[in-house]
Amino acid sequence: MINVVKLYPYICKHSSCLSLAMYEFTNTKGSDEYKKTITIGYSCEDHVEEVNKLLKEIYYGNKESNDI
Ligand SMILES: [Zn+2]
């Protein structure tokens, strides 16, 4: 039997941009012994910088985003 599974395409996380994502952002969690890589977001070709900044703010606070 053939199964049909709907795929959910990854969409750019930048505000109202709904383009298909071309980039994946990951973060590592846990200690050195038990490190896990988690995916935290996606972006299209045009918004790599914007999404990177947004994710930095979410995960590390907005300290780093002030020095543009
Ligand atoms: Zn985008």
Within the set of pairs 6 or more residues apart or between chains, which connect a residue that is closer than 12 Å to Leu55 by Cβ inside the stretch 33-44 to a residue that is hydroxyl-bearing (Ser, Thr, Tyr) with Cβ atoms less than 7 Å apart? Ile38/Thr26; Thr39/Thr26; Ile40/Thr26; Ile40/Tyr59; Tyr42/Tyr10; Tyr42/Tyr23; Ser43/Tyr23
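If a residue has to be farther than 16 Å from Tyr10 by Cα and within 16 Å of the ligand (Cβ to nearest atom) to count, how many in the stretch 25-54 make the cut? Before you say what the answer is, go through the steps one by one.
Initial filter on the stretch 25-54 (farther than 16 Å from Tyr10 by Cα): 27-37, 49-50, 53-54.
From what is left, the residues that are within 16 Å of the ligand (Cβ to nearest atom) are 49-50, 53-54.
Selection size over the stretch 25-54: 4.
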Which one of these does Leu20 not meet: (1) in contact with a Gly (Cβ under 9 Å, 6 or more places away or on another chain); (2) surrounded by fewer than 15 Cβ atoms within 10 Å (Cβ to Cβ); (3) modelled with pLDDT of 95 or more? (1)
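Quick test for you: out of Glu64, Glu49, pick the one residue that is at pLDDT 95 or above and surrounded by fewer than 13 Cβ atoms within 10 Å (Cβ to Cβ).
Unique residue meeting the criteria: Glu49.
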Output for the stretch 30-46, where each listed residue is over 18 Å from Glu57 (Cβ atoms) and either surrounded by 11 or more Cβ atoms within 10 Å (Cβ to Cβ) or touching a strand residue (DSSP E or B) at 6+ places or on another chain (Cβ under 6 Å) (or both): Gly30, Lys35, Lys36, Thr37, Cys44, Glu45, Asp46
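The values are calculated or read from the model by the stated rules, or taken from the named source; none is laboratory data. All figures in this text were calculated on a predicted structure; none of them were measured in a lab. Every residue, glycine as well, gets a Cβ built from its backbone with ideal geometry; the counts of neighbours run over all protein chains shown.
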